[in-house]
Amino acid sequence: MRPISMIAALGLSACSLLAVAPASAADALQRISERGQVNIGFADDSPPYSFKDDKGHAAGYSIDLCGLVVERLRQELGKPNLRVKMLHVATDQMARLVGNGGVDLMCAGVSDTPERRATMSFSTPIFLSDVKLMVRTKDGFKTAADLKGKSVAVLGRTTTEAAVRAYSARAGVPLQVSRVVNADAALSQLRLAHAAAWARDETLLLGVMGRHNDKQDFMLLPDKLATEPIAIALQRDAGLQRVVDQALALAVRSGKVEALYDQWFVKPNRANPNGLKLALSPALKAEFDRLR
């Protein structure tokens, strides 16, 4: 196995989105073969799924899983030297770039939702994400119901905003959604009490708490606003879908997927020095077992 987190050793680096060529009429596998390169999108602020390490290279759970897909692509296409181009992709550009084939694989903390399936396809789930709320400990909030009428920070153009609004309507707890441009802005709003809570993927919130010295000042509320499957996103193409699904099934059967899960969600690692200590859930294990 040659994980993409080790791409630095191959002399590959993140490139500008301006370098992404639009997809041709050819199918995805033919397009990748003809260009001799697979374009992989990632987010730099979604540890442990994808982030930039201290050398500025893409790393993380999703990145390593996509490394296994690349190895399968090399075998499928008979191109052992198939190049990899890493592309930082903003959330508001993801649907367009994946949909038109400019990005062959989107390897980050991408939620698989019905809305997104209208323009792109997804692998089998690689994680099941609970959307939760982070609050300041000193504010004394115990459950989401305590936030009635309060402001909740969310990253704009993400599925979390929809999850907060749906929860608010379902639970009868009016919440004011405050859109922010990135995670730093959300944390700043929470620290300054401009927002009473920050809603995001539980693993991402735990990662934020683990990387800051004032982690004791924050806590997660027990309420689950939503649970979403996280997956590798790709263009709607039968050939590429088959290769992605085969790669993940083989990785599950060999034990590689659970080893990577343990590396990124349980043990200390580059994204979370103290480790997230999130044991593999029965629901996610059941998803993996379907591939065995």
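The values are calculated or read from the model by the stated rules, or taken from the named source; none is laboratory data. It should be emphasised that the depicted structure is a prediction, and the values quoted were computed from it without experimental measurement. Positions of Cβ are generated from backbone atoms using ideal geometry, with glycine treated the same way; all protein chains shown enter the neighbour counts. These area figures cover heavy atoms from the full protein model, side chains too; ligands, DNA and RNA do not enter into them. Shrake-Rupley method; radii C 1.70, N 1.55, O 1.52, S 1.80 Å.
Whether any residue in region 144-157 is assigned to a loop (DSSP other than H, G, I, E, B), within 26 Å of Ala231 (Cα to Cα), in contact (Cβ under 8 Å) with a residue 12 or more places away in the chain and aliphatic (A, V, I, L, M) is what I want to check.
Scanning region 144-157, I find no residue that is assigned to a loop (DSSP other than H, G, I, E, B), within 26 Å of Ala231 (Cα to Cα), in contact (Cβ under 8 Å) with a residue 12 or more places away in the chain and aliphatic (A, V, I, L, M), so the answer is no.
Just checking, does region 171-181 include any residue being touching a residue at least 40 places away in the same chain (Cβ under 8 Å) and buried (at least 18 other Cβ atoms within 10 Å of the Cβ)?
No - not one qualifying residue is present in region 171-181.
Whether any residue in region 103-114 is open to solvent by 10 Å² or more (accessible area, probe 1.4 Å), in a loop (DSSP other than H, G, I, E, B) and of a type in the set (Asp, Glu) is what I want to check.
yes
Does any residue of region 256-265 turn out to be farther than 15 Å from Leu68 by Cα and touching a strand residue (DSSP E or B) at 6+ places or on another chain (Cβ under 9 Å)?
Yes, region 256-265 contains a residue that is farther than 15 Å from Leu68 by Cα and touching a strand residue (DSSP E or B) at 6+ places or on another chain (Cβ under 9 Å).
Given the options Leu82, Leu77, name the one that is farther than 30 Å from Ala283 by Cα, open to solvent by 10 Å² or more (accessible area, probe 1.4 Å) and in contact with a Leu (Cβ under 7 Å, 6 or more places away or on another chain). Show your work before the answer.
Numbers: Leu82 fails: open to solvent by 10 Å² or more (accessible area, probe 1.4 Å).
The conditions single out Leu77.
Examine region 110-124 for a residue that is in contact with a Gly (Cβ under 8 Å, 6 or more places away or on another chain) and either farther than 23 Å from Asp44 by Cα or not acidic (Asp, Glu) (or both), and state whether such a residue exists.
Among the residues of region 110-124, at least one is in contact with a Gly (Cβ under 8 Å, 6 or more places away or on another chain) and either farther than 23 Å from Asp44 by Cα or not acidic (Asp, Glu) (or both), which makes the answer yes.
Restricted to region 218-237, and to residues that are part of a loop (DSSP other than H, G, I, E, B), in contact with a helix residue (DSSP H, G or I) (Cβ under 7 Å, 6 or more places away or on another chain) and under 23 Å from Pro47 (Cα atoms), which residue is most open to solvent (accessible area, probe 1.4 Å)?
In this case the residue turns out to be Asp223.
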